[in-house]
Amino acid sequence: MNGIDGLAEALRTGRKRMRENAEQKAQRGVIENGRVRIGARSYPMKAAVDADTGDGSRVWVQIARDGTAVVIGA
């Protein structure tokens, strides 16, 4: 495609790839009051592995599409 249509398609493809890549990155978080805090944001959590999920624990998480932090390591 050329012109405006080609540009629009390229932007859609780029945003889709960016979203997919961002979801696959593990992030470091701290558990506080039953939620995972990453920087200034806080997420509800689910544990995918047997790890210590007490307050103050540092964990590795991936953010699911529904906004839940899935604990994948401690």
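Explain nothing, just compute: Karplus ³J(HN,Hα) = 6.51 cos²θ - 1.76 cosθ + 1.60, θ = phi - 60°, for every residue of the range 54-64 in order, whole Hz, x for Gly and Pro.
Whole-Hz 3J(HN,Hα) from phi for the range 54-64: x, 4, x, 6, 8, 9, 9, 9, 10, 8, 7.
For the ranges 52-60, 28-36, what's the packing order if you count other beta-carbon atoms within 10 Å of each residue, average per peptide, and put the highest first?
By packing density, highest mean first, the sequence is 28-36, 52-60.
Under a point spin-label approximation (7 Å from Cα along Cα-to-Cβ), what is the Thr53-Arg12 distance to one decimal in nm?
Each label point lies 7 Å from its Cα, and together they span 3.8 nm.
Given H placed 1.01 Å from N in the peptide plane, which residues other than close sequence neighbours of Ala74 have an amide H under 5 Å from its amide H?
Amide H neighbours of Ala74, under 5 Å, 5+ apart: Trp60.
Using alpha carbons only, how many degrees (0 to 90, rounded to 10) separate the axis of helix 3-23 from the longest principal axis of the chain?
For helix 3-23, the angle is close to 10 degrees.
So how much slack lies between Ala40 and Arg28, counting 0.36 nm per residue of separation and subtracting their Cα-Cα distance, in nm?
3.1 nm
For the range 29-74, what value does the Rg/Rh ratio take when both radii are computed over Cα atoms and Rh is the Kirkwood radius, given to two decimals?
0.90
Hey, any idea what % of the chain's accessible area is carbon plus sulfur with a 1.4 Å probe?
Roughly 49 percent, rounded to a whole number.
Before rounding to the nearest 500, sum -39500 (n - 2.57) across all DSSP H runs of length at least 4 in the chain and divide by the residue total; then give [θ] at 222 nm in deg cm²/dmol.
My calculation for the chain gives -10000 deg cm²/dmol from helical runs alone.
The values are calculated or read from the model by the stated rules, or taken from the named source; none is laboratory data. For clarity, every value in this text was computed on a predicted model and none was experimentally measured. In this analysis, Cβ positions are derived from the backbone assuming ideal geometry, glycine residues included, and neighbour counts consider all displayed protein chains. Note: areas computed on protein heavy atoms with side chains; ligands, DNA, RNA excluded. Shrake-Rupley method; radii C 1.70, N 1.55, O 1.52, S 1.80 Å.
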